[in-house]
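Written below as structure tokens is the structure these notes are about.
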């Protein structure tokens, strides 16, 4: 079996590449070899590689910058996905694509289900929703996974930012009114490959699914757990969990885009369809801390 992986240099893409290799031959493309600002070239890649599966882990993810760069966000997250979907449909290839909690407005009082009404508050969220809709309407067999609060041992992400700040500061303000499930790229990759394996055998499992770690916490609670776990693992930090102060998102002046306050996603459909129990977000943070410690990076 032949697979094409777009976004192989990103957090999820790096975790996916070796696991996808268990299913077949992988042709991996990062931002230097697949230009999402030239969507027609993506279709040409698919036509040239002739894959059975196309996995799109690429995206424009600069949430705040997108507010001033709407055209680029919609090109990369929307129009490029349409080209991928159309080319895959012509090939009869299955498409795996990643979406986001930002397609919702965050005002619900429950974890969002796949059937809940979308209402993005940001350009980023609207652009990602456009990609989802283009893929769903294309006629290509697909798996769309909405994920949230992603992180890995590399790259730019919330846990690594907290650890970096914790080494330099003895007090830190962290938003307390945004709630979600921090989800590792490793979990997303492992769950994706198992779901893909099952869907290749049973195309009745195609569709849209929410895929996150189990449980949820506010960002300030998440930060306290990160710091506590790092300290327990021997990290020398200036910051203690008790020195993390809660603030409201509206008082955090750094961000331009509006973020959903409720980023919780209901994963019942994913777990029941694919027979997987998703681990807790706390387990993921402990795994991250252990990985950093073992690599001498804590």
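Quick rundown of the values:
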read-out	value
Qualifying residue in the stretch 223-235 (condition: at pLDDT 95 or above and either out of contact with any helix residue (DSSP H, G or I) (no Cβ under 9 Å at 6 or more places or on another chain) or closer than 22 Å to residue 109 by Cα (or both))	no
Hits in the stretch 242-296 (condition: at pLDDT below 95 and outside any loop (DSSP other than H, G, I, E, B))	249, 250, 251
Those residues of the stretch 269-282 which are out of contact with any helix residue (DSSP H, G or I) (no Cβ under 9 Å at 6 or more places or on another chain) and in contact (Cβ under 8 Å) with a residue 12 or more places away in the chain, in sequence order	269, 280
Matching entry among 121, 129 (being outside any loop (DSSP other than H, G, I, E, B) and within 19 Å of the chain's Cα centre (by Cα))	129
Residue identified as surrounded by fewer than 15 Cβ atoms within 10 Å (Cβ to Cβ) and without any contact (Cβ under 8 Å) to a residue 12 or more places away in the chain among 250, 245, 231	250
Some residue of the stretch 107-116 being more than 20 Å from residue 6 (Cβ to Cβ), outside any helix (DSSP H, G or I), more than 17 Å from the chain's Cα centre (by Cα) and without any contact (Cβ under 8 Å) to a residue 40 or more places away in the chain	yes
One residue from 207, 155 being under 24 Å from residue 102 (Cβ atoms) and modelled with pLDDT under 95	155
Any hit, the stretch 52-70, residues being crowded, with 17+ Cβ neighbours inside 10 Å, closer than 20 Å to residue 29 by Cα and either free of Cβ contacts under 8 Å to residues at least 12 places away in the same chain or over 21 Å from the mean Cα position of the chain (by Cα) (or both)	yes
Any chance residue 81 is touching a residue at least 60 places away in the same chain (Cβ under 8 Å) and within 22 Å of residue 203 (Cα to Cα)	no
Sole exception among (1) surrounded by fewer than 21 Cβ atoms within 10 Å (Cβ to Cβ); (2) over 16 Å from residue 76 (Cα atoms); (3) touching a residue at least 40 places away in the same chain (Cβ under 8 Å); (4) over 21 Å from the mean Cα position of the chain (by Cα) for residue 43, by number	(2)
Total residues in the stretch 190-233, condition within 16 Å of the chain's Cα centre (by Cα), assigned to a helix (DSSP H, G or I) and within 16 Å of residue 174 (Cβ to Cβ)	0
Breaking point among (1) closer than 17 Å to residue 98 by Cβ; (2) at pLDDT 95 or above; (3) surrounded by fewer than 16 Cβ atoms within 10 Å (Cβ to Cβ), for residue 164	(1)
In the stretch 79-106, the residues that are assigned to a loop (DSSP other than H, G, I, E, B) and out of contact with any helix residue (DSSP H, G or I) (no Cβ under 9 Å at 6 or more places or on another chain)	92, 106
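The values are calculated or read from the model by the stated rules, or taken from the named source; none is laboratory data. Predicted model, so just to flag it, every value in this text is computed and none were measured. When we count neighbours, we look across all protein chains shown, and the Cβ atoms used for this are built from the backbone with ideal geometry, even at glycine.
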